[in-house]
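The values are calculated or read from the model by the stated rules, or taken from the named source; none is laboratory data. Here the structure is a predicted model, which is why all the values come from computation and not from measurement. Positions of Cβ are generated from backbone atoms using ideal geometry, with glycine treated the same way; all protein chains shown enter the neighbour counts. Ligands, DNA and RNA are stripped out before the accessible areas are found, and what is left, the full protein with its side chains, is counted by its heavy atoms. Shrake-Rupley method; radii C 1.70, N 1.55, O 1.52, S 1.80 Å.
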Amino acid sequence: MMWQTFSGLSFLSLASVFASTAKGLRYDQGPAQMNSAHIPFIVPGKFIVEFQDGTGGGGNTVDHFFGNLRDMGIRPVGGLNFTGSSIFEGCSFQVDKTTNPGDILALDVVKNIWPVKSIAVPTPKIVSKGESTKAPIWTSHAGTGVLDMHRRGYMGEGVVIAIVDTGIDYTNPALGGSVGPGKKIISGWDFVGDAWQPDKEPAPNDDIMDCKGHGTHVAGIVAGEPEDGRFISVAPKAKLRGYKVFGCEGITDTSTLIAAFLKAYEDGVDIINASIGGPEGWTEGAWQVVADRLVKQGVFIAMSAGNEGEVGSWYAASGATGTDVLSVASINNEQLYVVGAEARSGNEKKSITYIDTGVGVDGWQLDKDLQVYATSLNISEAADACVPLPESTPDLKGKLVVVRRGTCTFAVKEKNVAAKGGQYLMFYTDDRPVSKPTVEKATIKYIGMLDAPTGVYLVNSFAAKKKTSVFFPKGGIVIPNNTTGGYASDFTQWGPSWEAFMKPEIGAPGGNILSTYLMKEGGYAILSGTSMATPYISGIAALFIGKTGRSRNLDVGAALELKKRIISSGRTLDWNDGKRTDPDKYAPIAQIGGGYVNATKVLTYDTSVSPAKLELNDTMFFKPEHFIDVRNSGHSVVKYTVTHLPIDTFYTFEPGYTTPKIFPPNLVEGVASVQFSSAVFMIGPGMEFSFKVSFTPPQGLNEVLLPVYGGKIVITGDNGERLEIPYLGIGGSIKAQKVWDQGWGIPQIQSKEEPIADQPHNFTLQGDDRPIFTFINDWGSREIRVDVVTADWIERDWRYPPVVGENQFVGSIVTADDVAYPSYFETRHNRLQPDLESTRFNWTGAVSDGSNQTQIKPGKYRFNMRALKVFGDPGLAGDWQSVTSPVFTVLDVSNQPAP
């Protein structure tokens with residue numbers, strides 16, 4: 001494969017280098033898409049093409065391709081060259097944003113074309129970080145069987161895992177201290193350079209030093225080996241290769257990710273871990289296609305499901321939506337590491353927690369006892385310490401001064417306590433949540449906040465003249481997570497995909513996970529995110545490959561079989577909404593797929609199944625019958641029993657709404673019914689048995705609200721083995737869902753910030769006298785168009801693809817912003833974040849025919865805005881949601897005096 005940069009026809013060979021976009025090329029994201037770390041955005045005018053089979057590969061193919069583009073009047077600027085790959089022959093390149101990808105696809109040399117999308121580094125929740133992030137007993141393996149596998153000697157030895165991420169801080173002793181043969185990290189490659197930003201040229205190099213911390217944390221989860229044993233990784237004897245795809249600004253794109261995946265494959269890795277992505281929900285993206293091909297070549301790939309669970313269902317992540325990759329949800333750790341202390345009153349001891357603002361997130365680290373002093377014995381006194389403390393106040397040096405929150409600022413209270421020698425100040429809150437008390441230029445170094453009950457307890461104990469103190473240990477403490485431990489994290493992102501595929505497919509510990517971190521920030525951290533759950537699955541995969549020896553070099557089918565073993569190992573979980581657990585309900589399949597992973601089943605079971613998940617689709621494309629193959633690889637005859645475990649259904653929408661309900665969903669009564677051709681059967685050693693499963697969707701549900709239902713087909717053997725095959729279906733029509741809520745006036749066209757009513761309108765297209773568009777997508781669409789048509793255009797004039805000058809088609813609009821239309825593989829907007837709730841752009845007055853743009857002539861026109869429905873045929877007008885504007889007039893200002 002050729003790793004080189006190209007620009008036009010001038011090639012510069014750089015051995016082992018994926019290099020740059022053109023100098024000054026921007027990865028623009030558009031006005032409604034800025035400052036986001038969550039959604040993959042189309043880079044206007046940047047594409048990835050795959051060449052036809054048999055084109056020869058190498059520079060000659062790209063040379064020929066670029067020549068064809070120039071013949072069409074398109075001026076390409078080179079990007080990444082993937083020619084020579086046995087997996088994907090193609091390249092990325094930049095053209096004018098008005099270029100029609102359909103014209104490029106029509107070239108004989110081109111097999112496929114995709115838009116390049118930018119992706120921001122995931123932002124997991126930082127719970128704690130620093131050298132003192134150490135607990136006396138810490139594990140995230142309580143419910144997974146990983147420790148049992150370690151005791152049996154399975155540690156991932158001989159397995160190589162690619163960490164495609166922000167890089168790795170290889171100086172961390174728990175990750176080997178350096179990079180090279182024989183080390184924990186055996187090699188690495190940086191595709192972009194630390195200084196890379198959207199408007200700068202990448203600077204590839206061989207230094208994978210992490211400047212974000214994310215990749216370092218991921219690496220430690222899968223294979224870290226702390227000398228002091230503060231945590232145990234999943235596959236501590238596995239080796240790593242690092243592939244850095246983010247600069248310190250935290251942006252990458254799908255072409256860079258493809259480059260990293262292909263290089264990892266050529267470097268011989270067994271597993272690729274990519275804790276990267278953002279909401280998208282389509283299987284056909286270029287990154288997804290490449291990943292799926294690698295899985296078919298025997299490389300196991302795990303990707304994170306995403307951390308936008310609060311947005312609700314139908315928000316599946318980009319890379320993880322690939323058909324054959326494994327999409328991973330997060331389960332909360334069954335232990336919590338908290339900044340804690342111990343309150344001592346008389347003979348009573350009580351564990352307490354607090355928020356620290358004095359020295360960071362690691363706690364006060366005093367390792368000593370502080371006597372409590374309350375500035376007021378009245379627990380209702382909001383003005384506590386708002387005036388100078390009384391003359392009778394003792395010297396507060398060395399005491400823990402407890403002050404109620406309220407009335408005046410934290411700074412005023414801090415000043416008054418400091419005036420009496422206070423060194424340790426602990427506020428306690430009122431009826432508001434605990435928060436960090438901000439004190440600018442504080443005199444007191446140690447400042448924190450307690451919850452109201454703890455503060456009241458300390459004040460009342462002090463008032464009762466009990467000897468009351470608080471002991472502050474170094475580091476944090478471990479407490480059981482009795483509220484959410486062992487249940488799905490409320491942040492874990494929900495599926496299904498837009499085409500009703502089950503995503504995510506399995507869950508693993510991802511909430512409150514201790515692992516390695518940047519050495520300059522203490523070397524360790526506790527983070528929460530599906531980014532943490534994904535390397536857990538990669539670690540289990542390493543244990544399996546290390547145990548069985550079924551690497552890609554020996555068995556290209558092993559990766560797909562391993563995926564099946566992992567999904568079917570999942571344990572069904574009770575429903576938890578982040579606040580409480582309902583033992584009478586189960587977590588929906590669309591949230592956690594197969595459930596909580598079990599390494600013991602993955603590595604040791606003789607029983608295996610295929611397929612490991614069943615996708616029933618929606619009412620229009622319902623698949624009622626499925627066949628399941630059960631294999632017994634053991635040495636004895638096993639009797640198997642098949643049962644149905646229905647799991648709770650939820651409605652996508654609330655009545656009257658067209659965007660999916662935010663978390664938590666409304667769980668409703670109604671489950672599918674299931675029949676088996678054989679419910680009990682015997683399988684001899686080394687033999688298989690196949691049976692049919694017939695489904696009837698839930699009855700009596702409101703299909704307008706689009707119910708999502710699911711359950712498990714449970715296979716139990718008399719050898720003690722139990723596997724669960726999840727299924728998922730949709731009660732209603734996905735295709736019937738509209739992208740835009742026209743009842744709310746979306747899409748909206750404005751003139752000088754005033755909506756255009758249903759009557760003709762005039763534009764000069766000068767200054768701010770031009771149309772402004774606002775889109776809010778409530779549903780996904782493969783293609784969204786904004787076209788200019790003649791005033792007499794009607795819906796039956798629609799043809800696909802439209803041709804300028806035919807059927808009243810004038811051209812696609814050219815925006816004044818960094819968005820381009822047509823736009824492809826769109827997901828829905830996130831109404832919970834102001835910068836993600838809509839797409840807003842201006843029209844320049846130019847239209848494009850796909851290759852060239854021209855300024856529109858004075859005259860009467862309409863705008864036709866179209867969104868292709870899921871499963872829609874673009875050639876059928878009825879498969880689009882179509883919105884046509886009133887007639888507008890572009891005025892002739894050529895003879896008007898200049899302003």
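Brief remarks on what is shown
- Verdict on SER255 being crowded, with 23+ Cβ neighbours inside 10 Å, in contact with a Ser or Thr (Cβ under 8 Å, 6 or more places away or on another chain) and closer than 23 Å to GLY510 by Cα: no
- Number of the condition not met by PRO181 [criteria: (1) touching a residue at least 60 places away in the same chain (Cβ under 8 Å); (2) surrounded by fewer than 18 Cβ atoms within 10 Å (Cβ to Cβ); (3) more than 30 Å from THR604 (Cβ to Cβ)]: (1)
- Hits in the range 589-612 - residues which are under 19 Å from LYS547 (Cβ atoms) and open to solvent by 10 Å² or more (accessible area, probe 1.4 Å): ASN598, THR600, LYS601, THR604, TYR605, ASP606, SER608
- Tally of residues being touching a Ser or Thr at 6+ places or on another chain (Cβ under 8 Å), of a type outside the set (A, V, I, L, M, F, W, C) and under 19 Å from THR884 (Cα atoms) across the range 845-864: 6
- Those strands (runs of 3 or more DSSP E) lying entirely in the range 622-740 with at least 2 residues touching a residue at least 60 places away in the same chain (Cβ under 8 Å): 625-632, 638-651, 687-696, 707-717, 722-730
- Candidates LEU728, LEU705, filtered to the one that is surrounded by 13 or more Cβ atoms within 10 Å (Cβ to Cβ) and in contact with a Lys or Arg (Cβ under 8 Å, 6 or more places away or on another chain): LEU728
- Qualifying residue in the range 546-568 (condition: closer than 23 Å to ALA174 by Cα, over 22 Å from the mean Cα position of the chain (by Cα) and either acidic (Asp, Glu) or surrounded by fewer than 24 Cβ atoms within 10 Å (Cβ to Cβ) (or both)): yes
- Residue selected from the range 842-896 under the condition of a type in the set (Ser, Thr, Tyr) and part of a loop (DSSP other than H, G, I, E, B), by the criterion least open to solvent (accessible area, probe 1.4 Å): SER885
- Qualifying positions in the range 258-299 - in contact with a Pro (Cβ under 8 Å, 6 or more places away or on another chain) and under 20 Å from GLY546 (Cβ atoms): ASN273
Yes/no matrix, rows are residues, columns are (1) in a loop (DSSP other than H, G, I, E, B); (2) within 19 Å of ASN273 (Cα to Cα); (3) within 22 Å of the chain's Cα centre (by Cα); (4) not assigned by the TED database to the domain that holds ILE540:
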{"position": "GLY156", "(1), (2), (3), (4)": "yes, yes, no, no"}
{"position": "ILE161", "(1), (2), (3), (4)": "no, yes, yes, no"}
{"position": "GLY167", "(1), (2), (3), (4)": "yes, yes, yes, no"}
{"position": "PRO181", "(1), (2), (3), (4)": "yes, no, no, no"}
{"position": "GLY193", "(1), (2), (3), (4)": "yes, no, no, no"}
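- Output for the range 778-818, where each listed residue is at pLDDT 95 or above, hydroxyl-bearing (Ser, Thr, Tyr) and crowded, with 20+ Cβ neighbours inside 10 Å: SER781
- Any hit, the range 18-39, residues being at pLDDT 90 or above, under 30 Å from SER781 (Cα atoms) and not aliphatic (A, V, I, L, M): no
- From the options LYS97, LYS125, residue that is surrounded by 19 or more Cβ atoms within 10 Å (Cβ to Cβ) and at pLDDT below 90: LYS97
Okay, residues lined up against (1) in contact (Cβ under 8 Å) with a residue 40 or more places away in the chain; (2) within 30 Å of ILE276 (Cβ to Cβ); (3) not in a loop (DSSP other than H, G, I, E, B):
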residue	(1), (2), (3)
PRO453	no, no, yes
TYR457	yes, no, yes
VAL470	yes, no, yes
ILE479	yes, no, yes
THR483	yes, yes, no
GLY486	yes, yes, no
PHE491	yes, yes, no
TRP494	yes, yes, no
SER497	yes, yes, no
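- Among the candidates GLU499, GLU505, GLU440, the residue that is among the charged types (D, E, K, R) and over 24 Å from GLY312 (Cβ atoms) is uniquely GLU440.
- Qualifying residue in the range 189-212 (condition: buried (at least 19 other Cβ atoms within 10 Å of the Cβ), under 21 Å from LEU543 (Cβ atoms) and either of a type in the set (A, V, I, L, M) or without any contact (Cβ under 8 Å) to a residue 24 or more places away in the chain (or both)): no
- Any hit, the range 354-367, residues being open to solvent by less than 30 Å² (accessible area, probe 1.4 Å), within 22 Å of LYS467 (Cα to Cα), part of a strand (DSSP E or B) and in contact (Cβ under 8 Å) with a residue 60 or more places away in the chain: no
- The one condition in (1) touching a Ser or Thr at 6+ places or on another chain (Cβ under 6 Å); (2) at pLDDT below 95; (3) on the phi > 0 side of the Ramachandran plot that GLY732 fails to fulfil: (2)
- Listed by position, the strands (runs of 3 or more DSSP E) enclosed by the range 508-608 that each have at least 1 residues that are among the hydroxyl-bearing types (Ser, Thr, Tyr) are 513-516, 524-528, 581-586.
- Checking each residue in the range 233-250 for being at pLDDT below 95 and open to solvent by 20 Å² or more (accessible area, probe 1.4 Å) picks out CYS248, GLU249.
- Flag for GLY278 being of a type in the set (Gly, Ala, Ser), within 19 Å of MET532 (Cα to Cα) and not assigned by the TED database to the domain that holds PHE93: yes
- Number of the exception - THR438 against (1) among the β-branched types (Val, Ile, Thr); (2) more than 36 Å from the chain's Cα centre (by Cα); (3) surrounded by fewer than 16 Cβ atoms within 10 Å (Cβ to Cβ): (2)
- So LEU527, is it modelled with pLDDT of 95 or more and either open to solvent by 10 Å² or more (accessible area, probe 1.4 Å) or in the same structural domain as ARG293 (by the TED database) (or both): no
- Screening LYS520, LYS547 for residues that are assigned by the TED database to the domain that holds GLY156, charged (D, E, K, R) and closer than 16 Å to THR144 by Cβ leaves exactly one candidate, LYS547.
- Output for the range 387-411, where each listed residue is surrounded by 16 or more Cβ atoms within 10 Å (Cβ to Cβ), touching a helix residue (DSSP H, G or I) at 6+ places or on another chain (Cβ under 7 Å) and part of a loop (DSSP other than H, G, I, E, B): LEU389, LEU396
- Count of the range 613-631 residues which are open to solvent by 60 Å² or more (accessible area, probe 1.4 Å), under 16 Å from THR323 (Cβ atoms) and touching a helix residue (DSSP H, G or I) at 6+ places or on another chain (Cβ under 9 Å): 0
- Per the conditions (1) within 30 Å of LYS869 (Cα to Cα); (2) of a type in the set (A, V, I, L, M); (3) surrounded by fewer than 24 Cβ atoms within 10 Å (Cβ to Cβ), the sole criterion not satisfied by MET519 is (1).
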